[in-house]
Amino acid sequence: MLLKNDTDAVLLDRFQQAAFGYFLEYVNPDNGLIADTSLPGAPSSIAATGFGLSAYPVGVERGWMSRQDAAARTLVTLRFFAESPQGRDKNATGYKGLYYHFLDMRTGQRTWRSEISLIDSALFLAGVLTAAAYFNQENEVEAEIRSCAAMLYARANWAWALDGKGAFWLGWKPRSGFLPYRWESYSEAIILYVLALASPSYPIGRESYDAFAGKFDWMTVEGKPFLYAGPLFIHLFSHAWIDFRGIRDAAVAAKDTDYFENTCLAITVQRDYAISNPGGFAGYGADMWGLTSCDGPLRPRRLQDGRHQDFSGYTARGAPFGPDDGTIAPWAPLACLPFESEAAISATGHIVSTYPGVIEEGRFLGSFNPSVPGKTAEGWLNNRSVGLDQGILLMMIENHRTGLIWNLMRESPAVRRGLKRAGFSGGWL
């Protein structure tokens with residue numbers, strides 16, 4: 001629980017180390033797979049495994065783990081993926097160098113009838129490239145890390161997943177083929193396009209990125225151009241690895257902004273929406289915001305004020321156009337630390353002191369809804385922590401404190417090549 005005399009540094013240490021602990025507690029040490037959530041029996045999330053690979057360097061630099069231990073864990077993970085089955089078989093780990101969204105924690109085989117996920121494969125490979133950038137010493141273990149990482153990245157056949165008109169399909173299943181949705185318009189998929197553009201084996205063309213950016217949805221906020229996306233995580237995920245400060249592609253240059261500034265504006269949108277609170281939900285305000293993709297109540301209920309509210313469980317909540325049902329992700333403000341540090345810390349302090357139940361074993365749970373009647377102030381409370389939440393929180397705190405991940409990926413040849421092929425220029429690039 002946050003105490004009044006805690007300093008900002010104490011707060012950051014506490015939550016960052018707790019987030020890091022997720023990747024030590026919810027891992028299969030035999031294959032390196034990271035569990036999607038803290039619930040017993042949860043499968044591995046391929047994206048959470050990518051966050052785990054990115055977490056280990058932070059743990060080393062913070063003194064929470066030895067470099068030798070981190071390298072050994074990383075190599076176990078990369079070896080597993082290098083040797084795991086790839087093919088059309090429904091029980092494989094992946095296909096075409098890409099991976100199923102969810103894998104069995106023990107066997108690493110596809111589970112939950114999940115899809116080959118383009119974005120989750122990209123987030124995993126971003127973690128692979130982070131490991132390759134960090135483990136740069138000339139010894140046998142770290143050399144093998146770099147070798148495995150290069151192979152895994154080169155094997156990913158991004159071009160296979162294009163729809164014939166330049167856009168990425170969302171995913172693929174062995175029986176039904178590609179899902180009938182595409183990665184178009186602004187989303188967390190910037191990192192997907194960057195890695196695909198830079199591929200040494202199966203690169204996509206610049207026209208694919210231009211088509212992606214050509215469908216951006218712009219609006220005006222406080223007299224400034226704002227690239228709209230409702231859920232907060234969209235404005236964060238690619239930023240965990242890529243430092244967008246001062247670099248621009250054609251789409252944002254035409255509006256005289258950049259993606260970093262746009263995320264700052266997204267936080268303003270979230271806070272303004274919470275202050276206005278058009279849905280009249282409990283607790284909303286300048287220090288109570290964080291609408292993003294998360295779990296929520298599953299069935300229609302009466303709220304504390306007697307109103308009837310429909311709920312749909314997991315959904316991509318967002319501001320200012322919704323959906324919004326009063327459910328907040330308590331970790332989300334602190335994940336905004338590199339963009340609006342004062343707002344992030346102020347909101348975190350308020351949420352944790354007002355709703356202490358959102359912390360379990362020192363770690364943020366996924367979401368809560370104080371508008372729903374409950375035994376405590378938190379109202380409805382998610383009963384699990386989520387690997388993706390812990391990963392983005394850990395990385396963003398570190399990027400704010402030292403820029404570790406940003407600096408590593410600035411030097412990654414793949415990231416630099418992909419950004420330049422997308423038309424980015426300026427700043428550190």
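Structure data summary
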read-out	value
Leading residue by the ranking (farthest from Asn157 (Cα to Cα)) among those in the stretch 83-108 that are among the hydrophobic types (A, V, I, L, M, F, W, C) and either over 23 Å from the mean Cα position of the chain (by Cα) or surrounded by fewer than 22 Cβ atoms within 10 Å (Cβ to Cβ) (or both)	Met105
Criterion (acidic (Asp, Glu), surrounded by 17 or more Cβ atoms within 10 Å (Cβ to Cβ) and more than 21 Å from Leu123 (Cα to Cα)) met by exactly one of Asp272, Asp258	Asp258
Residue list for the stretch 281-298, filter: part of a loop (DSSP other than H, G, I, E, B) and touching a Gly at 6+ places or on another chain (Cβ under 9 Å)	Phe281, Ala282, Gly283, Tyr284, Asp287, Leu291, Thr292, Asp295, Gly296, Pro297, Leu298
Pair list, Cβ under 7 Å, 6 or more apart: the stretch 131-143 residue farther than 25 Å from Trp406 by Cβ, other residue among the charged types (D, E, K, R) and part of a loop (DSSP other than H, G, I, E, B)	none
Given (1) closer than 16 Å to Tyr284 by Cα; (2) part of a helix (DSSP H, G or I), number of the condition Ser371 does not satisfy	(2)
Residue match in the stretch 371-393 (condition: among the aromatic types (Phe, Trp, Tyr), touching a helix residue (DSSP H, G or I) at 6+ places or on another chain (Cβ under 8 Å) and either buried (at least 21 other Cβ atoms within 10 Å of the Cβ) or touching a residue at least 60 places away in the same chain (Cβ under 8 Å) (or both))	no
Output for the stretch 197-214, where each listed residue is outside any helix (DSSP H, G or I) and more than 22 Å from the chain's Cα centre (by Cα)	Pro200, Ser201, Tyr202, Pro203, Ile204, Gly205, Gly214
Scan of the stretch 227-248 for residues that are closer than 20 Å to Glu411 by Cβ and part of a loop (DSSP other than H, G, I, E, B), ordered by number	Trp241, Ile242, Asp243, Phe244, Arg245, Gly246, Ile247
Qualifying positions in the stretch 215-255 - surrounded by fewer than 19 Cβ atoms within 10 Å (Cβ to Cβ) and under 23 Å from Met395 (Cα atoms)	Arg245, Gly246
Residue list for the stretch 152-185, filter: open to solvent by 70 Å² or more (accessible area, probe 1.4 Å) and outside any loop (DSSP other than H, G, I, E, B)	Arg182
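The values are calculated or read from the model by the stated rules, or taken from the named source; none is laboratory data. In this text, all values refer to a predicted model and were calculated from it rather than measured experimentally. Methodologically, a virtual Cβ is constructed for each residue, glycine included, from the backbone with ideal geometry; neighbour enumeration extends over all protein chains shown. When the accessible area is computed, the model is the full protein with side chains, heavy atoms only, and any ligands, DNA or RNA have been set aside. Shrake-Rupley method; radii C 1.70, N 1.55, O 1.52, S 1.80 Å.
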